[in-house]
Each structure stands twice: as C-alpha cells, then as structure tokens.
Amino acid sequence: MASESLTAQEYIQHHLTNLTLGWHPHEGLIIAHDAQEASEMGFWALHMDSMLWSIGLGYLIYRFFLKVATNATAGVPGPAQNFLEWIIDFVNENVRGSFSGKNDLVAPLALTIFAWVFMMNLMDLVPVDLIPWAFGHFMGLFGADPHHIHMRVVPTTDPNITFGMSLTVFALTLYYSFKVKGVNGFVGELTLQPFGKFGMPANLLLEGINLLSKPLSLSLRLFGNMYAGEMIFILIALTYGHSLILAGSGILLQLAWAIFHILIITLQAFIFMVLTIVYLDMAHQTHH
C-alpha cells in the first residue's frame with residue numbers, strides 16, 4: 001500500500017485495523033471495509049488475520065519441532081537439533097528454577113508458549129507495508145479496493161490473541177488449584193490469607209484482586225509492548241513518502257529500532273513463559 005495515497009492519519013488507521021469478518025447490523029455477514037464497520041459488528045466479530053497468522057505460525061513451529069525430533073541423532077547433532085536442544089535446556093532450567101511441584105505438563109507448555117509467542121512477536125520485524133501491500137493487490141485482482149483490505153501480521157498486537165492465551169493459562173491455574181488444594185483449600189486460601197479468619201472480607205478482596213490480575217498482567221503486558229513497537233514502525237514508515245532526507249533518516253531509525261526490538265520480542269516471550277510457570281507453581285502450593 002502506498003502511503004502517499006493516504007493521509008498520515010488514514011495510513012496509521014489502515015495499519016491498525018484488522019481484517020474483520022462479522023455480522024453487520026445493516027449489511028449482514030461481511031468483511032469490514034474500515035474500522036467503523038468493524039466496531040459496529042460488536043464482540044463476536046472475527047479477526048481473520050490474527051487467526052491466520054497465529055495458527056499458521058503455531059503450525060510452522062510444530063512442523064519444525066517434529067522434523068528435528070524425527071531426524072534426531074545420538075551422535076554429533078546438526079545445527080537444527082543443536083539449536084532446539086539449546087532452547088529445550090533453556091526452558092527446562094527455568095522450569096526447574098521456578099516450579100517446585102511435579103507436573104509433566106509444565107515444561108512442554110512453557111516450551112510451546114515461549115516458541116509460539118516469540119514467533120508471533122517476530123513478525124513485527126517484517127516491513128509494515130510488505131505483506132499488507134501484497135495482500136491488498138492480490139485481492140485487487142478480484143475487484144477489491146486495496147485501501148479497504150486490511151492485514152495485520154503481528155498476532156500479539158491483537159488483545160484477542162493475548163487475552164485468549166492468558167485466559168487459557170488462567171484456566172489451567174484454576175484447574176490445578178482445585179485439583180491440588182481441593183475446594184476447601186482453594187476457598188480457604190482466598191478467605192483466610194493473609195489476615196486469618198477475622199479478616200475474611202479483606203482477605204477475599206485482596207486475594208480476589210490478586211487472582212484476577214493474573215490474566216490481565218499476562219495479556220496486557222504482552223499486548224502493550226508489541227502494540228507500541230508496531231506503532232513506532234508505522235510512524236517510521238511515514239517518513240518514506242516525504243523526501244530523500246527523511247527517507248534516509250527513516251532507514252536508519254528503522255534499523256536501530258529493529259535491532260533494539262529484537263530484545264523486546266525475546267523478553268516478552270520469556271516473561272510470558274516465566275509468569276505461566278510461576279502461576280502454575282502457585283497453584284500447586286498448599287498452605288497449612
């Protein structure tokens with residue numbers, strides 16, 4: 001998509017709008033042409049681009065892990081096997097350091113989360129116009145207006161994706177809390193900690209907030225950091241359509257931000273993994 005054919009505000013809005021499928025109150029089942037139509041579809045609208053890229057990247061990770069595991073050798077490992085073994089050792093060290101219980105699900109879950117979130121975050125390093133431009137012109141072959149075709153390629157900039165992942169972790173936390181502690185133990189933890197039986201209202205308030213903050217902290221931290229990174233890349237891309245001097249400075253800014261953003265991408269995947277391990281460890285702990 002050429003930024004010079006849109007105003008700066010329209011360009012930013014275009015890049016921040018998802019490819020949304022939903023039921024419009026006046027037009028029926030459609031793909032939204034703009035952010036206004038997408039908002040009018042309500043809660044049950046589907047962000048098709050977020051689903052496409054998150055599921056597609058998850059499948060690529062699965063195929064890569066499966067291929068390396070199938071071709072694994074006890075002798076000298078190849079580059080792919082060596083790389084994957086390094087990641088597995090890294091995840092296992094964090095699980096051993098943060099998880100004190102015994103649960104064979106935690107390490108595979110942590111590995112999946114780290115690899116999946118990292119890959120979704122990594123899409124932020126793809127030039128912001130490349131895939132939307134290609135997709136818009138592809139759809140233009142079928143008569144669609146490229147300015148009304150949206151494609152966001154970083155799933156973790158969509159709160160639906162980050163909340164979906166965090167709520168899954170939250171559901172596992174509740175499940176193991178009930179399984180390990182029982183109903184009485186779980187309710188007692190909410191009502192008797194930290195002030196004892198005489199402070200039940202205060203206990204319930206504090207522990208309830210602490211419990212409900214877990215999915216919020218997981219989802220909003222990841223979403224906020226990746227959304228901010230995406231916005232900076234979009235703002236830098238605006239400089240390319242003005243002058244050669246601004247375009248040259250834009251290239252340097254984009255390179256510098258991309259190098260720095262690699263740290264953010266990795267750090268956010270690591271934080272999501274570690275917090276998942278910690279929350280599951282808390283679910284396995286009993287208080288007497």
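Only the coordinates and a few stated rules stand behind these numbers; no lab work does. All values derive from a computational prediction rather than experimental measurement. For neighbour counting, all protein chains shown are included, and Cβ atoms are generated from backbone atoms with ideal geometry for every residue, glycine included.
Applying a DSSP loop filter and a limit of 15 other Cβ atoms within 10 Å to the chymotrypsin sites (Phe, Trp or Tyr not before Pro) in the stretch 110-165 leaves Phe142.
Taking the C-alpha atoms only, the angle from helix 130-140 to the longest principal axis of the chain is near 60 degrees.
Which value, in Å to one decimal place, does the Kirkwood hydrodynamic radius take for the stretch 101-242 when every pair of different Cα atoms is included? Show your work: numbers first, answer last.
On the way: mean 1/r = 0.0537 Å⁻¹.
Across the stretch 101-242, the inverse of the average 1/r is 18.6 Å.
What the Cα convex hull of the chain gives, in volume per residue, is 189 Å³. For the stretch 138-288, the relative contact order is 31 percent, taking Cα pairs closer than 8 Å that sit 6 or more residues apart in sequence and dividing their mean separation by the residue count.
Among 184-190, 65-71, the peptide with the highest mean count of other Cβ atoms within 10 Å heads the list, and the full ranking is 184-190, 65-71.
With 30 Å as the limit, write out which pairs from Lys67/Lys181; Lys67/Lys179; Lys181/Lys214 have Cα-Cα distances beyond it, or answer none.
The pairs that break the limit, which is 30 Å between Cα atoms, are Lys67/Lys181; Lys67/Lys179.
Taking every alpha-carbon pair under 8 Å whose residues sit at least 6 apart, the stretch 1-151 reaches a relative contact order of 28 percent.
Of the Cα atoms belonging to the stretch 1-90, the radius of gyration and Dmax stand at 21.2, 65 Å. Considering only alpha-carbon pairs that sit under 8 angstrom and 6 or more positions apart, the relative contact order computed for the chain is 24 percent. Taking only the C-alpha atoms of the stretch 189-288, the Rg (one decimal) and the largest Cα-Cα distance, Dmax (whole number), read 21.8, 71 Å. With viscosity 1.567 mPa s and temperature 4 °C, the Kirkwood radius over alpha carbon pairs of the stretch 1-152 converts through Stokes-Einstein to a diffusion coefficient of 69 µm²/s.
Our note on the geometry: Cα centres of the stretch 54-76 and the stretch 241-286, 24 Å apart.
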